[in-house]
1. Identify which of the listed values of semi-axes √(5λ) of the Cα gyration tensor in Å was calculated from the structure shown: (i) 25, 23, 9; (ii) 23, 16, 10; (iii) 41, 16, 10.
2. Add -39500 (n - 2.57) for each DSSP H run of 4 or more in the chain, then divide by its residues: what number comes out at 222 nm, to the nearest 500 deg cm²/dmol?
3. With a 10 Å Cβ neighbour count serving as the proxy for reagent exposure, in which order, fewest first, do 12, 34 appear?
């Protein structure tokens, strides 16, 4: 990631009121994306703590196991 990503970024927030189903859905979606993403260590390297097959090593297996119908 470039330095400008961290310097120029603007965090965005969404406030959901009176819609527990939507809030739960978005929480679950965020959890899925987090669980299938790489973690970036403090030294800038990627951590492969994935609950799914590594998409760079096994892209076809990752694709078939990561579908959420």
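A short reminder: the numbers here are calculations on the coordinates, not readings from a lab. Just so we're clear, the structure is a prediction, and the values are computed from it rather than from any experiment. Positions of Cβ are backbone-derived with ideal geometry, glycine not excepted, and every protein chain shown enters the neighbour counts.
1. (i)
2. On the way: 3 runs with 29 residues, N = 69.
Calculated mean residue ellipticity at 222 nm is -12000 deg cm²/dmol.
3. On the way: 12 5, 34 10.
Fewest-to-most Cβ neighbours within 10 Å comes out as 12, 34.
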